1. For segment 10-132, what is the charge dipole size about the Cα centre, in debye to the nearest 20, if Lys and Arg each add +1 at the Cβ and Asp and Glu each add -1 at the Cβ?
2. Considering only Thr198, Tyr173, Phe213, whose Cα is most displaced toward the positive end of the charge dipole of segment 148-242, charges sitting on Cβ of Lys, Arg (+1) and Asp, Glu (-1)?
3. Where Lys and Arg each count +1 and Asp and Glu each count -1, what net charge lies around Val38 among other residues with Cβ under 11 Å from its Cβ?
4. If you keep only loop residues by DSSP, which trypsin sites (Lys or Arg not before Pro) in segment 33-94 have at most 10 other Cβ atoms within 10 Å of their Cβ?
5. Holding the Cα-Cα limit at 31 Å, pick out from Lys148/Lys183; Lys27/Lys153; Lys11/Lys148; Lys83/Lys153; Lys83/Lys145; Lys153/Lys265 the pairs that are longer than that.
6. With the contact rule set at Cα under 8 Å and sequence spacing of 6 or more, what percent relative contact order holds for segment 10-132?
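Bear in mind these aren't lab numbers, they're just calculated from the coordinates by the rules spelled out. Note that the structure is a prediction, hence the values are computed from the model and not measured. Counting neighbours? That spans all protein chains shown, and the Cβs are built from the backbone with ideal geometry, glycine included.
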Amino acid sequence: MDNNSPNITWKNQLHSIIYEADTRIGKLFDVILLILIVLSIIFVMLESVKGLPLETYRLLNYAEWVITVFFTLEYVARIISIKKPSSYVFSFYGIIDLLSTLPLYLSFFITGTSALLAVRALRLLRVFRILKISRYISESNRLAKAIKDSRAKILVFLFAVLVLCIIMGTVMYIVEGEESGFKSIPISVYWCIVTLTTVGYGDIAPITPLGQFIAAIIMVMGYGIIAVPTGIVSAEYTQHQINKVHLNTQSCSNCNEDEHSDSAKFCHKCGEHLFNDHE
């Protein structure tokens, strides 16, 4: 990045450090952040262990406060380094970052909230950006989009399965009756669902030959039903693979959009120039 460029401000430089995984200092910052997140999770887990020396609990509390202050400053820096703060504040990572910082402050007013600091484990998802494994980021984005595009078909499929369970549960209620544990239609539908999904708790089982035959059919159908959602998502994913675009980890300093192709110079969402260390 050319620091002499008139278009580059201290906010651009701060954004590059905090949001980017392309620069050396940006990667170092994120690695330190990851280490602190892991340490924080370990400290929270140790605080829940009974019987440790009192001095240990005191040190763990001090260490947790130091990390929390660092996360607070990081959260504020993320907000001021972007032109549209709301795009970060209300994003997935923005909400997680806030939730991972608040519990220790809330512990002044509500006891027991410090245990909620374990939510910081979700921040470890940033490891994908830190390691610069953009190929996996691209694949995960395509998989997520394939699942999203398949939701209508999957919902229709699940509705059909629910109708099937109601019908078959009613049939089992008529065939087996209360003597076999099928005391009502809702209970019979419950049995059908756990059988169809191959869970099979075993708390209810058919006794009559006809009931066992129907149960066997439901079990076999269960294996076929499991494959249907997988096929739906796979078909969508294959379609996305045909027209795939290789994405990188670069984040827009204006709108926080982070899905850009490797050759992109401007944000495809707002048109902001994408600063990087190669310019």
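1. Numbers: 13 positive and 8 negative charges, 81 e Å.
Once rounded to the nearest 20, the dipole reads 380 debye.
2. Thr198
3. Working: positive: Arg120, Arg123; negative: none.
Here the charged neighbours net out to +2.
4. Working: sites: Lys50, Arg58, Arg78, Lys83; in loops: Lys50, Lys83.
Here the trypsin sites (Lys or Arg not before Pro) that fit, given the DSSP loop and packing criteria, are Lys50.
5. On the way: Lys148/Lys183 39 Å; Lys27/Lys153 41 Å; Lys11/Lys148 35 Å; Lys83/Lys153 39 Å; Lys83/Lys145 27 Å; Lys153/Lys265 37 Å.
In this structure, Lys148/Lys183; Lys27/Lys153; Lys11/Lys148; Lys83/Lys153; Lys153/Lys265 exceed 31 Å between Cα atoms.
6. So the answer I get is 35 percent.
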